[in-house]
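The values are calculated or read from the model by the stated rules, or taken from the named source; none is laboratory data. This is a predicted model, so every value here is computed, not measured. Glycine also receives a Cβ, built like all others from the backbone with ideal geometry; neighbour counts cover every protein chain displayed. Heads up: the accessible areas ignore ligands, DNA and RNA and are worked out on the full protein's heavy atoms, side chains in. Shrake-Rupley method; radii C 1.70, N 1.55, O 1.52, S 1.80 Å.
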Amino acid sequence: MGRRKRKKITYRPVRSLPKIFTCPKCGHKTMKANLKHAEDRVLIVCGHCGEQQAVGKHELTEPVDAFGDFIDIYYKDQEYERLTRREEKLLEKQQYSELSLVYSFLSDTAQINADKALEEYELNKDPEDLSNAEQWQETARQYKENEKKLTEQLKSGVIVDAELEDEVYDEIEDNPFDEGEAKISEKPKRKSNIEDVLGDLGFLEF
Ligand SMILES: [Zn+2]
C-alpha cells in the first residue's frame, strides 16, 4: 500500500477589497460607498468634487460592486450627453444613416432612465421622480419616432447620406474630467428640441 500523499494545504493571503476609489469626474481617489445609506441603496460620494449617485444593493454588495454600478451609470450618462451633441453634427453633415443609430441609442438610454426614475418613484413616492420618469419616457418616444422617420425616409430615398468631404468627428473629444454631472434622476438635458431641429430642415415632413 502506497503512502497516501499528504494533501498540501496552501494559505492564500486574504486580499481585502478596495474601499476607496478614483472619481471619474475629478480624478481624485476620494470616492467612497456608504453601504448604510438605506436598506436597498448604496450612496457613492466623492469627497473632493461632491459627485454622487445612489445605486441598488443586496446583502452581498461590497463597496467595489457599488462603485462598478456607479461607473456604468456615469459613463452611460456621458455617452448620452456626447451623442446628443453628435446629433447636431450629424444633422449638419447630413449623415442620416448614422444619425438613425444615434437616435436608437438615445431612445434606449432614455427608456432605461425612465424605468429607473419610475423605480425610484415606487420606492419613495417623490413626485419629482415621477415627473422625471414621464419626461424621460417622452424623450425616449421622440427619439424612437425620429429614428423611425429617418429610417423610412432613407429607405424610400427621400433623403440620402451626403458624401463626407471631411471627418464628422473633427472635434476633440471632451476632457473626461470636465463633465458628467448628469444623474439618472435628473431631468433629460437637451440643447435643442429634436422636433424643432428636424422641423427647421423640413425634410422629415410627410
Ligand atoms: Zn470627484
Review point. Of all residues in segment 77-88, which are surrounded by 17 or more Cβ atoms within 10 Å (Cβ to Cβ) and basic (Lys, Arg)?
Key: ARG86
Review point. Which one is farthest from ILE71 (Cα to Cα) among residues in segment 1-21 that are modelled with pLDDT of 75 or more and open to solvent by 70 Å² or more (accessible area, probe 1.4 Å)?
Key: SER16
**Study point:** Residues located in segment 16-32, provided they are part of a loop (DSSP other than H, G, I, E, B) and either touching a Leu at 6+ places or on another chain (Cβ under 9 Å) or more than 9 Å from the ligand (Cβ to nearest atom) (or both)
**Key:** SER16, LEU17, PRO18, LYS19, LYS29
Review point. If you scan segment 43-69, which residues turn out to be touching a residue at least 12 places away in the same chain (Cβ under 8 Å), within 24 Å of PHE105 (Cβ to Cβ) and part of a helix (DSSP H, G or I)?
Key: ASP69
Study note, to complete from the structure: Within segment 56-80, residues away from the ligand (no atom under 16 Å from the Cβ), more than 15 Å from THR22 (Cβ to Cβ) and out of contact with any Ser or Thr (no Cβ under 6 Å at 6 or more places or on another chain) come out as GLY56, LYS57, HIS58, GLU59, LEU60, THR61, GLU62, ASP65, ASP69, ASP72, LYS76, GLU79
Revision key, fill the gap. Restricting attention to segment 97-112, the residues that are surrounded by fewer than 17 Cβ atoms within 10 Å (Cβ to Cβ) and among the β-branched types (Val, Ile, Thr) number exactly 1
Point to revise | In segment 70-116, the residues that are of a type in the set (S, T, N, Q) and either free of Cβ contacts under 8 Å to residues at least 12 places away in the same chain or part of a helix (DSSP H, G or I) (or both) | key: GLN78, THR84, SER97, SER100, SER104, SER107, THR109, GLN111, ASN113
Point to revise | Test for LEU35: is it more than 19 Å from the chain's Cα centre (by Cα), over 21 Å from VAL160 (Cα atoms) and of a type in the set (A, V, I, L, M, F, W, C) | key: yes
Review point. GLY47 is checked against (1) under 24 Å from ASN113 (Cα atoms); (2) within 16 Å of the ligand (Cβ to nearest atom) and fails just one. What number does that condition carry?
Key: (1)
